[in-house]
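Have a look at the structure below, then the notes.
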Amino acid sequence: MDKIKIRDAATVIVLRDAATQPSVLMGQRGASAAFMPGKFVFPGGAIDANDASVPLTALDSDSAARLLHASDVAPNAIAAAAIRELWEETGQVLGQAAVWDDAPQGWRGFAASGHRPNGAALTFFFRAVTPVGRPRRFDARFFLAPAEDLITDPDDFSNAEDELNHLQWVQLSDARHFDLPFITQVVLAELVNHIKRGGPPVSVPFFRNDDEAHLVSRLGAQSLL
């Protein structure tokens, strides 16, 4: 029995030039990182306690409902964590201009930029639990966000912390040449299909990866009835 605690986490897939040459924002984890060393990943990380208390522009109703499925974490906390991690790891801001004088710890740098987090820019897109046997396990919720909703210059990473190296926009057509985790490859394949279909996601894949089976379900309108 795997006794490693599964931590709730959030990730952002920022999509640029979806209609012409789609690309996504990625960076490389350090070679000495305990989790996925050397891999190219989307910005993301664990949900912090303070994420539940930040003022957040509301998520769309479908995303909020799907985030509640098999989860006791508030949807706004998950979305806020995704926006915070994007800010910390890339220096990019998904926000709306506002004065925020009482930002909690972990959010003061974001607040100093003159913005509050914009949950309306996010769409819940994918969910996956790290497989059994890994040194760390996460229940990661992936959000999709258009680069057009970034307040900051999408090519300026000068405010990024040092968690990810080689921050760059990776064209989907070139992504196979990068050292990607398996689940990231799955997410990118889902993204390619989503772009071809157009419109909002009709459902959200959920890779459970529990102890007994690698179960996959899709979180959508019918599954929530």
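Across the range 176-206, the qualifying residues are those that are hydrophobic (A, V, I, L, M, F, W, C) and surrounded by fewer than 19 Cβ atoms within 10 Å (Cβ to Cβ), and the one among them that is nearest to the chain's Cα centre (by Cα) is VAL186. Among the residues of the range 108-124, those that are in a loop (DSSP other than H, G, I, E, B) and in contact with a Ser or Thr (Cβ under 9 Å, 6 or more places away or on another chain) comprise SER113, ASN118, LEU122.
In the set (1) at pLDDT below 95; (2) crowded, with 17+ Cβ neighbours inside 10 Å, VAL41 fails one condition alone, (1). Scanning the range 9-18 finds no residues that are hydroxyl-bearing (Ser, Thr, Tyr) and either surrounded by fewer than 22 Cβ atoms within 10 Å (Cβ to Cβ) or under 17 Å from ASP179 (Cβ atoms) (or both).
Assessment of the range 135-152 against the conditions (in contact with a strand residue (DSSP E or B) (Cβ under 7 Å, 6 or more places away or on another chain), free of Cβ contacts under 8 Å to residues at least 60 places away in the same chain and surrounded by 15 or more Cβ atoms within 10 Å (Cβ to Cβ)) yields at least one matching residue.
Is it the case that the range 119-130 has a residue that's surrounded by fewer than 18 Cβ atoms within 10 Å (Cβ to Cβ), without any contact (Cβ under 8 Å) to a residue 12 or more places away in the chain and closer than 19 Å to LEU56 by Cβ? No, the range 119-130 has no match at all.
PRO104 meets all of the listed conditions (1) under 30 Å from PRO181 (Cα atoms); (2) surrounded by fewer than 23 Cβ atoms within 10 Å (Cβ to Cβ) but one, namely (1).
Of the residues ARG84, ARG127, the single one that is out of contact with any Ser or Thr (no Cβ under 7 Å at 6 or more places or on another chain), charged (D, E, K, R) and assigned to a strand (DSSP E or B) is ARG127. Taking residues in the range 182-203 that are under 21 Å from ARG134 (Cβ atoms) and modelled with pLDDT of 95 or more, and partners anywhere that are assigned to a helix (DSSP H, G or I) and among the hydrophobic types (A, V, I, L, M, F, W, C), the pairs with Cβ atoms closer than 7 Å and at least 6 places apart or on different chains are LEU188/LEU172; LEU188/ALA175. Please enumerate the residues belonging to the range 1-43 that are among the small types (Gly, Ala, Ser) and assigned to a loop (DSSP other than H, G, I, E, B). The answer is ALA18, ALA19, GLY30, ALA31, SER32, ALA33, ALA34, GLY38.
The values are calculated or read from the model by the stated rules, or taken from the named source; none is laboratory data. Since this is a predicted model, take the numbers as computed values, not measurements. Cβ atoms come from the backbone with ideal geometry, glycine included; neighbour counts cover every protein chain shown.
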